[in-house]
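A.B. asks: Encoded as structure tokens, here's the structure I'll be asking about.
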Amino acid sequence: MVYYKRNLPHYQDIGFAYFITVRLVGTIPKSIYQEINIEYQKRLDYISGATSILKREELYKELQLNRFIKYEKILDSAKHGKNWLSIDAIADKIYQHLLKYDGTRYRLIAFTIMPNHLHIILIPIDDSQLETEQSKRKIEQLKKGTQNSSDKKKSLEPSITRIMRLFKGATANSCNKILKRKGQFWQHESYDHQVRGEKELKILVEYTLENPVKAGLIDDPYEYRWNYYNPEYL
């Protein structure tokens, strides 16, 4: 189990699936974002005072879900910021990038590309399972003490953090070239949730594939060009 701190303590268990939401920069206005997070923090302070650990866990999960739903409604409305992901060339670039690393960085279960955000469900592959020349070089560098501080920091990153950093960096560069622009493409913060069990996995896959329908983009999720899922994992 890997631990790291972002805004809150966060755990990553190896071998579990994760539901991840990534959005374009500026798709939730700062005032709305702050309002939601002030309310979130107040509720979090209340939860921390609960005497029962089980009760705290239950309330925290409920709080996380409620915040996610509020964000999702804003994103699905597509009223704020840019909708660059609705451009076919950009959506295709992201689609192909996600497929490219299936089986090496992660096992890809499902995803959907919406106009301003995307949902991804995947199982990270632990670096220790990969016998690559790059991994061997890093080990040798660590032994010799020749690895620089930046490389050392990256080597300690949890799988999800590393996967999303590489994904955002590569896709931002290629998508900015298509748009003939420079600057931030993705919002720095992403949402990720560890999937607990087959039942929850099926619910989240269905949610992911139905998102374009819920947002009014299409009537049949199986006809949506930017939906993907691998039935072998279900």
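The values are calculated or read from the model by the stated rules, or taken from the named source; none is laboratory data. Note that the structure is predicted; figures quoted are calculated from it, not measured. Cβ coordinates were reconstructed from backbone atoms using ideal geometry, including for glycine residues, and neighbour counts include every protein chain displayed.
A.B. asks: Of the residues Lys177, Lys199, only one is free of Cβ contacts under 8 Å to residues at least 24 places away in the same chain and either of a type in the set (Asp, Glu) or more than 20 Å from Ile113 (Cβ to Cβ) (or both); which?
C.D. replies: When all the criteria are applied, what remains is Lys199.
A.B. asks: Any residue in region 13-34 that is surrounded by 15 or more Cβ atoms within 10 Å (Cβ to Cβ), without any contact (Cβ under 8 Å) to a residue 40 or more places away in the chain, out of contact with any Lys or Arg (no Cβ under 6 Å at 6 or more places or on another chain) and not aromatic (Phe, Trp, Tyr)?
C.D. replies: No.
A.B. asks: Now, a different point. Criterion first (outside any loop (DSSP other than H, G, I, E, B) and buried (at least 18 other Cβ atoms within 10 Å of the Cβ)) does Leu65 satisfy it?
C.D. replies: no
A.B. asks: Just give me the residues in region 58-89 being within 15 Å of Val25 (Cα to Cα) and of a type in the set (Val, Ile, Thr), in sequence order. It would help to see each step written out before you state the result.
C.D. replies: Initial filter on region 58-89 (within 15 Å of Val25 (Cα to Cα)): 71-72, 74-76, 78-86.
Ile74 - this is the single residue of region 58-89 that is within 15 Å of Val25 (Cα to Cα) and of a type in the set (Val, Ile, Thr).
A.B. asks: Could I ask something else about it? Quick one: in region 177-234, of everything that is more than 19 Å from Gln96 (Cβ to Cβ) and of a type in the set (Lys, Arg), which residue is modelled with the lowest pLDDT?
C.D. replies: Within region 177-234, the match that is modelled with the lowest pLDDT is Arg196.
A.B. asks: Read through the list (1) over 15 Å from the mean Cα position of the chain (by Cα); (2) under 20 Å from Arg23 (Cα atoms), then give the number of the only condition that Gly197 fails.
C.D. replies: Just one mismatch for Gly197, condition (2).
A.B. asks: I would also like to ask the following. I'd like to know if region 163-176 contains one or more residues that are at pLDDT 95 or above, touching a Ser or Thr at 6+ places or on another chain (Cβ under 6 Å) and of a type in the set (Val, Ile, Thr).
C.D. replies: No, there is no match, as no residue in region 163-176 is at pLDDT 95 or above, touching a Ser or Thr at 6+ places or on another chain (Cβ under 6 Å) and of a type in the set (Val, Ile, Thr).
A.B. asks: Quick one: how many residues across region 218-234 are crowded, with 18+ Cβ neighbours inside 10 Å and not hydroxyl-bearing (Ser, Thr, Tyr)?
C.D. replies: 3
A.B. asks: When you go through (1) assigned to a strand (DSSP E or B); (2) farther than 23 Å from Val25 by Cβ one by one for Ile120, which number turns out not to apply?
C.D. replies: If we test Ile120 against (1) assigned to a strand (DSSP E or B); (2) farther than 23 Å from Val25 by Cβ, just (2) comes out false.
A.B. asks: Is it the case, given these coordinates, that Tyr101 is closer than 19 Å to Glu189 by Cβ and not hydrophobic (A, V, I, L, M, F, W, C)?
C.D. replies: So Tyr101 does not fit the description; no.
A.B. asks: Can you tell me which residue within region 75-119, out of those that are hydrophobic (A, V, I, L, M, F, W, C) and over 17 Å from the mean Cα position of the chain (by Cα), is farthest from Glu39 (Cα to Cα)?
C.D. replies: By that ranking, first place goes to Ala89.
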